[in-house]
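Chemist: Dropping the structure in here first, questions after.
Nothing in this text is a laboratory measurement; each read-out follows from the coordinates by a stated rule. Predicted model only: the values in this text are computed from it and were never measured. When we count neighbours, we look across all protein chains shown, and the Cβ atoms used for this are built from the backbone with ideal geometry, even at glycine.
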Amino acid sequence: MIQSASWLAISPDSDFSVHNLPYGIFSRNGESPEVGVAIGDRIIDLTAAAQLGLLNEWEGAVSVFRQSTLNDFIALGRPAWQQLRAVLQRLLTDEESPLRAVAGQVLVPQNRVQMHLPVRIGDYTDFYSSHEHATNVGKLFRPDNPLMPNWKHLPVAYHGRASSVVVSGTLIYRPQGQILPAGAEVPVFSPTKALDYELELGFIIGKDSSLGKPVAAADAEDSLFGCVLVNDWSARDIQRWEYQPLGPFLSKNFATSISPWVVTLDALAPFRTEGPRQEPTPLPYLQTSGAFNFDLDLQVAIQPADQPESTLCQTNARYLYWNVRQQIAHHTITGCNLKVGDLIATGTISGPEEGSNGCLLELTRGGTKPVALQGGAQRTYLLDGDEVVMRGCATKEGLKVGFGEVRGQILPAAELF
Ligand code: CA
């Protein structure tokens, strides 16, 4: 199917082609949030479409569309997602489509709605699966021994904080906490002076797994609904003081931003690609063979208040060393269960080329080499008023599947008590 196959006018530049059809939660004019699907610069109001009889071929309960999260829809399972995708594609491509006569009642302009957090996230796990990122960051902390001995044997991760995962556009307060100044032996209390972003992808779990039963790598994608862009905001000075021996805590729990549209695995299927060769060969439960990475172009830009946007990073998800099958197999090998709506993030995605660093810590070599912005300003880390914008899209043979954006602007630290 090619991009222009719809009777609806869709810009060839749009992230939201007939092939994409990502799910999100929107509301208009203060009305209740509900489920929609992005198409071009509009949203398909699924409740309205069902009420007009356009979804009669779909066998799921339409009550799942009148919800403030996607969880109930996701819980219906892959056959229901795939059947609805096929119905929507027919409505959008068939010249005789009954949608044409009622488009004004069903298609809502995206610029007239508010988008909400798409999923009720029970648990959030953040991996550390980019070899380039782990090596670059490791060099800053341990120049002679950048990769820890476990890194090539298992996909390293930590359990993150689900309550502070927020949708794109949510303002981000500068966090404050304990920081050890250079050369000092005792910490001071201060707003972070090293506020950073991390460019990541996040997979949304689509099926509960059973406590005590590991999910095999070969079956892991059965557990996936779709994918979002993730900005894992990080306070590097707080992280540096707190992270040993149990890993990041307050340096990453204040906010994690995600894009509002969840792109399904079906939409991403044409963009599968093999990941890097893994040497040494992982243990059997982590072995996969096939095209389980995704060829997705990713970008980070920064826009200071009243200044033009500057692109700071261009990279690709195909560089990730550990794929999502391996992440899920590892996550569940103890018997830990996954639940519908859980968020599994990849970790910062960097690449081998110049300009492909997925965070400022890497790009500015630990804050020692400022980066120049359009308009003459410089940054080592983020200043108040800066807005960070991440984008992602895949293109191939006339197909384009994009994620839209995840944005977040930095506010000054909150007043204490
Ligand atoms: Ca991260």
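Chemist: Spin-label point model (7 Å from Cα, Cβ direction): what's the Ala291 to Arg90 distance in nm?
Modeler: Going from the Ala291 label point to the Arg90 one covers 2.8 nm.
Chemist: Next question, about the same structure. So how tilted is helix 131-141 from the main axis of the chain? Cα-based, degrees 0 to 90, rounded to 10.
Modeler: The helix 131-141 is inclined about 30 degrees to the chain.
Chemist: What residue among Val37, Val324, Val102 shows peak mean-square fluctuation when the chain is described by a Gaussian network model with Cα springs under 10 Å?
Modeler: So, out of Val37, Val324, Val102, the one fluctuating most is Val102.
Chemist: For Ala269, put the label point 7 Å out on the Cα→Cβ axis and report which residues of the stretch 210-226 keep their amide N under 17 Å from it.
Modeler: Residues 219-226 qualify, since their backbone N sits under 17 Å from the label point.
Chemist: May I pose another question? Any chance you could give the angle, 0 to 90 degrees and rounded to 10, that helix 78-93 forms with the longest Cα principal axis of the chain?
Modeler: Roughly 60 degrees, rounded to the nearest 10.
Chemist: Calculate the translational D of the chain in whole µm² s⁻¹ from Stokes-Einstein, where the hydrodynamic radius comes from the Kirkwood formula applied to all Cα pairs, the temperature is 25 °C and the viscosity 0.890 mPa s.
Modeler: 111
Chemist: Classify the stretch 232-307 as rounded, prolate or oblate, taking a ≥ b ≥ c as the square roots of the eigenvalues of its Cα gyration tensor: rounded when a/c is under 1.5, otherwise prolate if a/b is larger than b/c and oblate if not.
Modeler: Here the stretch 232-307 falls in the oblate category.
Chemist: Taking the Cα of Asp222, stepping 7 Å toward and past its beta carbon, and measuring to each backbone N in the stretch 79-111: which are under 15 Å?
Modeler: From the stretch 79-111, the list is 79-80.
Chemist: Quick check for you: which residues of the stretch 135-157 have the amide N under 19 Å from the point 7 Å beyond the Cα of Arg365 toward its beta carbon?
Modeler: The answer is 135-147, whose backbone nitrogens lie closer than 19 Å to the label point.
Chemist: Could you sort 277-285, 373-381, 402-410 so that the peptide with the highest average Cβ count within 10 Å comes first and the rest follow in order?
Modeler: Ranked by mean Cβ neighbours within 10 Å, highest first: 402-410, 373-381, 277-285.
Chemist: Also, I was wondering about something else. Assuming R0 = 25 Å, what is the FRET efficiency of Arg142 and Leu246, from their Cβ-Cβ distance, to the nearest 0.05?
Modeler: Here the calculated transfer efficiency is 0.90.
Chemist: Here's something else I'd like to know. Can you compute the modelled spin-label distance between Arg28 and Arg277, with each label point 7 Å from Cα toward Cβ, in nm?
Modeler: It is 5.6 nm.
Chemist: Above 21 angstrom, tally the Cα pairs of the stretch 14-115 and express them as a % of all pairs, no decimals.
Modeler: For the stretch 14-115, the share of Cα pairs beyond 21 Å comes to 26 percent.
Chemist: Sticking with this structure for a sec: Where does the stretch 97-146 land on Rg(C-alpha)/(2.2 N^0.38 Å)?
Modeler: Dividing the Cα Rg of the stretch 97-146 by 2.2 N^0.38 Å gives 2.38.
Chemist: Would you please classify the overall shape of the stretch 281-417 from the alpha carbon gyration tensor, given that a ≥ b ≥ c denote the square roots of the eigenvalues, rounded means a/c under 1.5, and beyond that prolate means a/b larger than b/c while oblate covers the rest?
Modeler: prolate
Chemist: Check which residues have an amide H placed less than 5 Å from Gly398's amide H, if you skip close sequence neighbours.
Modeler: HN-HN under 5 Å from Gly398: empty list.
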